[in-house]
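Have a look at the structure below before the remarks.
The values are calculated or read from the model by the stated rules, or taken from the named source; none is laboratory data. Treat the numbers as computed from the prediction; the structure is a model and nothing was measured. Positions of Cβ are generated from backbone atoms using ideal geometry, with glycine treated the same way; all protein chains shown enter the neighbour counts.
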Amino acid sequence: MEDEKKGQSKRWKYYIDKPFQNQFMVRFALVVLLVTVSTLAVLWLLRENPYDLLPGDGILFSMDIQKVTQPDGTVSEVPVPGKTYNAFDLFWKPILFISVLNLVIIVVFSLFYSHSMAGPIHSIKMTLKDLAEGAPPRAIRIRKSDQFQDLAELLNEVVEKRVK
């Protein structure tokens, strides 16, 4: 009875099989990192070789207002180019922010998704380990939302027919 309670309390933890789930999350995260690095590399190339993506020479200017005194003594305001921007300067921060946000979302998603795989695998491992140590056979129980339903059913059938 205690073993069942212990197994049920473990079942509510999302980090069950740490090596498997870590590898799963890292692989998902690597996709986001690869896309981020590729996007930033393309932006860097745009900075080095500005094509016609931005007006003129591929550079944007902020416009500052400068007061100019005319020869007749009047003061007028004249727009003059201020700080220069290129595609890299304009886009790297938003792309980096979105990439980090995607990375967080994917890590959280992969933790929950890998939980639906790691839980059944853990349950199957523990049942087979108990059988190998001579414990009485018991059915493998996994939630309906978990992966590997057919594998658990097949193993339960084998245990029912061969071991009992």
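Numbers at a glance
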item: Residue check for Ser145: small (Gly, Ala, Ser) and either touching a Cys at 6+ places or on another chain (Cβ under 9 Å) or assigned to a helix (DSSP H, G or I) (or both); result: no
item: Matching residues, segment 125-144, being surrounded by 14 or more Cβ atoms within 10 Å (Cβ to Cβ) and of a type in the set (Asp, Glu); result: Asp130
item: Ile140 being under 28 Å from Asp17 (Cβ atoms), touching a Ser or Thr at 6+ places or on another chain (Cβ under 6 Å), not acidic (Asp, Glu) and not in a strand (DSSP E or B); result: yes
item: Condition check for Thr84: closer than 30 Å to Glu153 by Cα and either of a type outside the set (Lys, Arg) or not in a helix (DSSP H, G or I) (or both); result: no
item: Criterion (of a type in the set (A, V, I, L, M) and modelled with pLDDT of 85 or more) met by exactly one of Val158, Val78, Val163; result: Val158
item: Yes/no for His122 being surrounded by 13 or more Cβ atoms within 10 Å (Cβ to Cβ), at pLDDT 85 or above and under 26 Å from the mean Cα position of the chain (by Cα); result: yes
item: Residue match in segment 85-103 (condition: within 17 Å of Asp17 (Cα to Cα), in the same structural domain as Tyr14 (by TED's automatic domain parsing) and surrounded by fewer than 14 Cβ atoms within 10 Å (Cβ to Cβ)); result: no
